[in-house]
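Take a look at the structure below.
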Amino acid sequence: MSYWITVNGESHEVTAAPETPLLYVLRNDLGLNGPKFGCGLGQCGACAASVGGKLTRTCSIALRDVGNDPIITLEGLGTLQRPHPLQKAFIDEQAAQCGYCSNGMIMAAKTLLDRNSKPSDEEIRGALADQLCRCGSHNRIVSAVRRAAMEPVR
Amino acid sequence: MSALRPSRRQLTRSLGVVLATFALPSLSAFGQAPGNVPFSLRNNRKLEGWIRLEADETVTVFTGKAELGQGILTALAQIAAEELDVGFDKIRMVSADTSRGPDEQYTFGSQSVEQGGGAVRAAGAEVRGRLLAAAARRFGVPTEQLQVRNGTIVAADGRRASFWELANEGAGLLKGDIALATAPKKPGDYAIVGKSVHRIDLPGKLTGAPSYVQDIRLPGMVFARVVRPPRYGAKLVAFDEAAVRARPGVVAVVSDGNFLAVAAGREEQAIAARDALAASARWSDDAVELPDMASLRPELKKLRAETIVVGTAGQSEPAPGEARRLSAEYSRAYLSHAAIGPSCAVAWLKDGHMTVWSHTQGAFPLRGDLAKVLSLQTGEVDVVHMSGAGCYGHNGADDVALDAVLVARAVPGVPVKLQWMRDDEFAWAPFGPAMAMKVEAALGSDGRIVDWSYDVWSNSHAMRPGQAGGVNLLAAWDLKTPFVKSPAPHIPQPFGDGDRNAVPSYELPRKEIRYHLLLDTPVRNGSFRTLGSHGNIFAIESFMDELAQAAGSDSLAFRLAHLRDPRAKAVLQAAADRAGWTPGKEGDGQRGRGLAFCRYKSIGMYAAVAVDVDVDRKTGVIKVPRVVIAADLGLVVNPDGAKNQLEGGIVQAVSLALKEQVAFDRRQITSRDWSGYSVLTFPEVPSIDIVLMQRSDPSLGAGEGSLPPTSAALANAFAHATGRRLRELPMTPERVKASLS
Ligand code: FES
Ligand code: FES
């Protein structure tokens with residue numbers, strides 16, 4: 001089956017079975033590296049992207065269910081040369097060790113800041129409660145989100 | 001400053017060129033090297049194998065150490081920039097690549113700055129020294145009249161030459177054995193080492209640049225998945241190859257003995273085919289009887305063991321008769337690495353040469369074992385390190401590399417990416433072994449310890465590949481012609497295996513410490529961050545508090561009274577000061593504070609940790625609002641990087657102490673996803689306060705030493721808060737409630 005999806009502002013035609021989890025389309029058809037395979041079970045958040053403005057576990061949404069909802073991935077936020085304030089804040093706070101969870105952390109933080117531009121630390125921790133990190137980078141991640149929230153424009 | 005990514009083109013270009021550098025170790029490698037030769041140089045003496053000046057005015061630094069998320073490449077780049085006197089942004093790192101880099105065996109044990117750093121320091125000093133000599137010849141002045149500024153050598157009269165111009169002078173200038181004739185800089189002169197710098201690999205990882213082995217995409221690459229037995233010991237009886245082969249996209253079904261895998265053109269097709277293959281497979285009823293996880297302590301002691309005395313003192317005198325004797329037993333559960341991304345590898349058999357991209361900790365040892373299994377020459381296999389998800393020891397990286405290689409062998413010419421699914425990772429990656437500990441001690445009338453007896457029961461934590469007598473790779477044991485496991489090596493003190501840190505750092509006039517290395521291995525084990533240290537320090541430091549209490553002494557004072565090493569005392573005092581330690585202050589039934597000390601591996605970093613707890617007596621949940629650590633790491637190359645490591649260790653140790661245990665019934669592992677194995681989450685993570693001691697002594701490694709004392713201090717804090725002691729990890733709500741009722 002052929003589907004049109006909008007990813008990071010561009011339309012793409014992809015051919016895959018309707019039940020294909022969006023994660024594999026993003027990674028393998030579109031060559032994106034941001035969303036990661038962590039569990040495939042909707043438990044860890046490593047695969048997160050924004051779909052229709054909502055934080056979405058892309059391992060757990062089928063291609064046929066995406067519809068016209070625009071998809072934003074880590075790559076859609078900023079680039080190496082021009083990182084998004086959240087990405088920059090993660091670099092400034094050195095808020096990662098292995099960085100495998102970072103995609104989910106940044107995407108979850110993005111959707112948090114979109115609805116609450118000045119979250120408290122507790123709200124940040126709450127918004128990230130279902131995002132797993134095994135390296136213990138949690139406190140730095142909270143600091144990075146706090147720092148990004150202090151940026152004037154986003 | 002960037003980490004080089006191994007493109008295939010670069011790989012083939014450098015093959016055969018740099019490779020030869022390490023093909024034959026020079027004579028000095030064979031034991032004739034003087035004792036002051038940095039460890040990693042001993043088998044890799046050629047200068048050009050470590051540092052190369054490139055035509056584009058950059059410097060390539062080769063290291064055998066691997067980036068595991070600990071920031072080692074950044075620290076090594078700092079050291080190289082420092083010794084060479086070139087800008088940090090000029091350094092390019094090439095890491096753990098058997099086709100073009102030094103063999104530094106494994107990246108483990110918090111030794112990378114010590115070993116790999118020592119080698120890069122010596123090589124950097126050598127390059128700088130040789131370039132200075134060349135400039136002196138060119139300008140006809142003695143080297144003393146020359147200055148090095150940012151990659152340029154300047155004479156007193158203003159004449160100047162860049163490193164790269166000078167390097168062009170003679171092809172042999174920067175080649176040959178490192179003579180160790182140029183002394184490295186003194187720590188007092190460091191400009192870059194000791195400064196916090198940003199990790200070189202993070203910007204890419206945070207913006208979605210291809211950074212992980214999972215991100216490798218090669219032309220025509222297929223995706224593969226494995227189907228593992230339902231439990232240890234089960235044998236493959238039958239499976240429906242034809243049906244799976246007929247599924248969409250499937251290009252190969254690979255079976256060999258009990259090894260079963262499938263490859264397909266698309267990843268989701270491979271996953272669906274794996275499910276179909278698993279559903280069609282029939283396995284024998286064979287099983288390995290697993291211990292009863294509800295009573296691990298007695299269960300472990302039932303296993304066959306070899307007993308080794310690993311520490312002893314004062315045994316010629318009888319034990320003092322008058323003294324008050326106390327004893328207690330402790331345990332910890334089997335632990336999972338539980339990295340956020342399952343293990344992954346890419347393998348490609350091309351023109352008879354097998355190349356494997358892997359997040360292994362030991363590219364060279366893995367290459368040897370892969371070659372053995374494939375019946376290839378070592379030179380016909382290459383292993384290139386690429387980052388994976390967090391690495392806390394011997395996880396599934398090596399095993400999945402063999403899985404990928406076995407599939408790649410079945411589809412010659414086609415690159416294969418194989419990632420484990422979440423359940424493969426939880427059920428089959430090696431675990432940190434469960435441990436049982438027993439301490440008995442006697443207190444003299446002056447409140448000092450006069451006798452100490454200690455036993456630890458544990459499987460080996462050292463079952464990595466690359467060891468003699470077998471092959472330690474999962475699929476190798478499952479093949480039609482199986483390989484045997486290598487026997488557990490003996491790792492002597494002070495490093496130790498299950499007995500790591502079993503010998504206390506305290507002054508004990510009479511002691512005996514016995515390691516009961518368990519020979520039966522019902523559950524598959526490997527190295528998990530700190531090996532036995534985590535369990536041993538939990539037992540020793542818990543018992544130190546029990547003794548202090550019996551002696552009517554304060555926990556801090558009691559420890560200080562039994563320590564002689566001023567650096568040990570200093571971290572304890574610093575942690576206590578920062579935490580606001582109040583001697584004699586009682587817990588209030590709910591809140592408490594605990595202290596613990598550890599000198600990691602007895603010769604590594606010093607750490608003292610104070611943990612605050614808040615116990616919910618109704619739910620049994622222990623909250624940890626704050627952790628304070630004072631750490632003496634010797635010379636710190638990248639202070640912020642070191643802090644990141646200490647923090648990570650603390651969070652992991654709180655998680656281990658409160659939550660983590662691999663679950664199984666008597667036949668199979670039942671922790672197979674995140675609902676069956678919990679780790680600490682954001683709302684549960686404590687605030688962390690770090691005191692870094694300022695030292696210029698040799699670096700001691702920061703990767704592991706914060707874990708053991710954190711779990712121990714947490715147990716002490718619980719006892720302080722409630723007056724009850726939990727001697728089994730993890731301290732789950734059920735155990736907490738049982739102890740309080
Ligand atoms: S990979 Fe999607 S939630 Fe874990
Ligand atoms: S940084 Fe490794 S899992 Fe979060």
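Only bridges whose two residues both fall in the protein assembly as shown count here: according to DSSP, what percent of them are antiparallel, nearest 5?
So the antiparallel bridges amount to about 75 percent of the total.
Please state the charge dipole magnitude for region A:18-154, taken about the Cα centre, from unit charges on C-beta atoms (+1 on K and R, -1 on D and E), reported in debye and rounded to the nearest 20.
It works out to roughly 220 debye.
Does region B:558-648 classify as rounded, prolate or oblate by the C-alpha gyration tensor (a ≥ b ≥ c root eigenvalues; a/c under 1.5 gives rounded; else a/b over b/c gives prolate, otherwise oblate)?
It comes out oblate by the Cα gyration axes.
For chain A, report the convex hull volume of the alpha-carbon atoms normalised per residue, in Å³, without decimals.
Cα convex hull per residue, to the nearest whole number: 103 Å³.
Quote the FRET efficiency, to the nearest 0.05, computed for B:VAL484 versus B:SER316 with a Förster distance R0 of 41 Å and r equal to the Cβ-Cβ distance.
0.45
Compute the distance from the alpha-carbon center of region B:332-363 to that of region B:665-741, in whole Å.
Measuring centre to centre over Cα atoms gives 28 Å.
Going through region B:325-383, which chymotrypsin sites (Phe, Trp or Tyr not before Pro) have at most 10 other Cβ atoms within 10 Å and a DSSP loop state?
Counting only loop positions with at most 10 other Cβ atoms within 10 Å, none of the chymotrypsin sites (Phe, Trp or Tyr not before Pro) in region B:325-383 qualifies.
Can you pull the one-decimal nm distance between simple spin-label points at B:ASP275 and B:ASP351, each 7 Å off the Cα toward Cβ?
About 4.2 nm, to one decimal.
Quote the charge dipole size of the protein assembly as shown about the Cα centre in Debye, to the nearest 20; the model charges only the Cβ of Lys and Arg (+1) and of Asp and Glu (-1).
400
What's the FRET efficiency of A:ASP69 with B:LEU218 using the Cβ-Cβ distance as r and R₀ = 45 Å, to the nearest 0.05?
With a Förster radius of 45 Å, E is 0.90.
What does the charge count near B:VAL141 come to, summing +1 for each Lys or Arg and -1 for each Asp or Glu among other residues with Cβ under 14 Å from its Cβ?
Once positives and negatives cancel, what remains is +2.
So if we plug the beta-carbon distance of B:THR307 and B:GLN573 into 1/(1 + (r/R0)^6) with R0 = 41 Å, what FRET efficiency do we get, rounded to 0.05?
The value I calculate is 0.65.
Give, to the nearest whole percent, the P(r) tail of chain B beyond 51 angstrom, counting all Cα pairs.
Within chain B, distances greater than 51 Å cover 16 percent of Cα pairs.
Quick one: accessible surface of B:PHE108, probe radius 1.4 Å, all protein chains present, in square angstrom to the nearest 10.
My reading of the accessible area for B:PHE108 is about 70 Å².
Among the DSSP beta bridges whose two residues both lie in region A:2-76, what percent are antiparallel, rounded to the nearest 5?
Antiparallel bridges: around 95 percent, rounded to the nearest 5.
Evaluate Rg over Rh across the protein assembly as shown, taking Cα atoms for both radii and Kirkwood's formula for Rh.
0.97
Kirkwood Rh over alpha-carbon pairs of region B:375-415, then Stokes-Einstein at 25 °C and 0.890 mPa s: what D in µm² s⁻¹, rounded to an integer?
204
B:MET731's amide H: which non-local residues (gap 5+, or another chain) put their own amide H closer than 5 Å, with H modeled 1.01 Å from N in plane and none for Pro or chain starts?
Hits under the 5 Å cutoff: B:LEU658, B:LYS659.
Return the long-range amide H neighbours of B:ASP177 (sequence gap of 5 or more, or a different chain), with a cut-off of under 5 Å between placed amide H atoms.
Result for B:ASP177 returns B:LEU47.
The values are calculated or read from the model by the stated rules, or taken from the named source; none is laboratory data. Only a predicted model underlies this, so the values are computations on that prediction, with no experimental measurement involved. Positions of Cβ are backbone-derived with ideal geometry, glycine not excepted, and every protein chain shown enters the neighbour counts. In case anyone asks, the SASA skips ligands and DNA or RNA and just uses the protein heavy atoms, side chains included. Shrake-Rupley method; radii C 1.70, N 1.55, O 1.52, S 1.80 Å.
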